[in-house]
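A short worksheet on the structure shown next.
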Amino acid sequence: MREVRRVALLIESSRNYGRGLLRGISTYVQEHGYWSFLFRPQDLDMPVPSWLGRWDGDGVIARVDSVKMAKALRQTGLPVVDLRNSIESIRFPAVGPDNRAIARLATDHFLQRGFRHFAFCGMPWGQYRYMDRRREHLRALLEEAGLSLAEFELGPERGPKGWDQQQDRLAEWVAGLPKPVAVIACNDDHGVHVVDACQRAEQVVPEEVAVLGVDDDQTLCTLCTPPLSSINIDLERIGYEAAALLDRLMAGGASPDETIELAPRGIVVRHSTDVLATDDRDVARAVRFIRERACEGIQVSDVVNHVMLSRSSLERRFRAVLGRPPGAEIRRVQLDRARELLTQTTLPLSVVALRSGFQSLNYFFEVFQKTLGTTPTRFRRRQI
């Protein structure tokens, strides 16, 4: 009979982020055998548990956010997997989101919508290392595209009056940005703050200011008006892989040299980014039609009939705004849907092809391989 492992979970349960991680850990344990968990509901800024130094356990999964917590965990001598990776001086084996992939997803999302002005709303520099890296990747990717990144830091709130003052400063910053502008928030909390600041500054979301969050906390994203688009970083998979790593460490396995970084699942598009940054209303109508109907198998001729332009005129104006023809935009939307279905479902490839707008499985494979450099089968296998 396999030994029952005793594992402490120092993960907050008050927010969607922590609960997503806990669901992933639970799934791993259900699949691989019973663990005895030491877990107590707690907030994010929890103190070092008084029992930690006396506990006779086998391992810990924690979101380590202070040097004091890191030192206490190091003193236990137990295998530890860190889910926050924010303490530079004391490092543990860690699992977390791929911040470069998050930055790439965000920039592509807005570049494909024609935006040329970008901004970032984040936490003060140096507070969280992984947030700093997310910002650095955004800045670097935009520089590669010949663009710059305006930045605003939201400090800690000190009561209702302090929050109002901070929101007024944020509103002033948003109002001063060139329009239309894409604002990428470091997380959904900050995204909600930006949407609120836009209302204070009488800036229209998304036509003047498009806002994108990170984490896809559905409660927060639907709390603001309009609802906030957000990047789903696949919290359950992060929790699952953290449990798998701790299992290997408790069995005597070697620690990985680098943080295990997992790609996000994709962007959940809500109203806050559902816009095309262009004054060409015909192209905007064409893009909206494509994004709503591409997976029904439409052709360029259907788009031409919808906007009532000649094909040559639509092609020329489409390239001027987006840098690609309507056919490429149709295939992009179809492939985005295909990747979503390959990642999130176990549907047969023939069904994935059909639901993504491809009438032929062979053509689906051809376009997928040519565009993404891999087959749908290998792509799906890498996500497992």
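Comparing Ala185, Phe318, Tyr128 along the charge dipole axis of the chain, the residue lying farthest to the positive side is Phe318, per the Cβ-charge model. For Lys370, no lysines have a Cα closer than 18 Å to its Cα, not counting residues fewer than 8 places off in the same chain. Which far-off residues, 5 or more places away or on another chain, put their amide H under 5 Å from the one on Leu262, with H placed in the peptide plane? It is Gly96, Asp98, by chain and number. Simple rule: put +1 on each Lys or Arg Cβ and -1 on each Asp or Glu Cβ in the chain, find the dipole, and look at Ala171, Leu83, Tyr34; the Cα lying farthest toward the positive end is Tyr34. When the chain is treated as a GNM with alpha-carbon contacts under 10 Å, the residue of Val60, Val321, Val307 showing the greatest mean-square fluctuation is Val307.
Relative to the 2.2 N^0.38 Å rule of thumb, the chain has a C-alpha radius of gyration ratio of 1.09. Entry note, the chain: relative contact order of 15 percent, from Cα contacts under 8 Å with a spacing of 6+ residues. For Asn187, the residues 5 or more places off, or on other chains, whose built amide H falls under 5 Å of its own are Val214. Remark: the range 281-383 carries a charge dipole of roughly 320 debye about the Cα centre, counting +1 on each Lys and Arg Cβ and -1 on each Asp and Glu Cβ. For the chain, a Gaussian network of Cα nodes joined below 10 Å ranks Tyr130, Tyr28, Tyr363 by mean-square fluctuation, and the top entry is Tyr363. Computed over the range 281-383, relative contact order equals 26 percent, with contacts defined as Cα pairs under 8 Å that lie 6+ residues apart. Across the range 281-383, the convex hull enclosing all Cα atoms gives 96 Å³ per residue. Stretching Arg319 away from Ser350 to a fully extended chain increases their span by 8.0 nm, per 0.36 nm per residue minus the current alpha-carbon distance. For the chain, a simple Cβ point-charge model (Lys and Arg +1, Asp and Glu -1, everything else neutral) yields a dipole of about 900 debye relative to the Cα centre. Apply 1/(1 + (r/R0)^6) to the Cβ-Cβ distance of Asp274 and Ser301, taking R0 = 25 Å, and write down the FRET efficiency to the nearest 0.05. Computed FRET efficiency for Asp274 and Ser301 comes out at 0.50. As a rough guide to protection, the peptides 340-352, 219-231, 183-195 ranked by mean Cβ packing within 10 Å, highest first, stand as 183-195, 219-231, 340-352. Normalising by residue count, the range 33-159 has a Cα convex hull of 167 Å³ per residue.
The share of C-alpha pairs in the range 96-191 whose separation exceeds 23 Å stands at 25 percent. GNM remark for the chain: springs join alpha carbons under 10 Å apart, and the peak mean-square fluctuation among Gly59, Gly323, Gly239 falls on Gly323.
Histogrammed with a bin width of 5 Å, the alpha carbon distances of the range 183-251 distribute as 4, 17, 23, 16, 10, 7, 7, 6, 4, 3, 1, 0 percent, first bin at zero. For the range 281-383, the residue among His306, Val351, Val283 whose Cα projects farthest onto the positive side of the dipole built from Cβ charges is Val283.
Rounded to the nearest 20 debye, the dipole size of the range 14-122 about its Cα centre is 300 debye, using +1 on the Cβ of Lys and Arg and -1 on the Cβ of Asp and Glu. Could you tell me how far the Cα centroid of the range 335-378 sits from the Cα centroid of the range 17-36, in Å? The two parts, judged by their Cα centres, are 30 Å apart. When peptides 353-359, 149-155, 161-167 are sorted by average Cβ neighbour count within 10 Å, with the highest value leading, the order is 353-359, 149-155, 161-167.
Note that the range 122-135 has calculated 3J(HN,Hα) couplings of x, 7, x, 4, x, 6, 9, 4, 5, 6, 4, 5, 4, 5 Hz, one per residue in order, obtained from phi through the Karplus relation 6.51 cos²θ - 1.76 cosθ + 1.60 (θ = phi - 60°); glycine and proline are x.
Helical runs assigned H by DSSP (4 residues or longer) give the chain a calculated mean residue ellipticity at 222 nm of -15000 deg cm²/dmol, each run adding -39500 (n - 2.57) before division by the residue total.
No lab work stands behind these numbers, since they all come straight from the coordinates. In this text the structure is predicted, and so the values were computed from the model without any measurement. Glycine also receives a Cβ, built like all others from the backbone with ideal geometry; neighbour counts cover every protein chain displayed.
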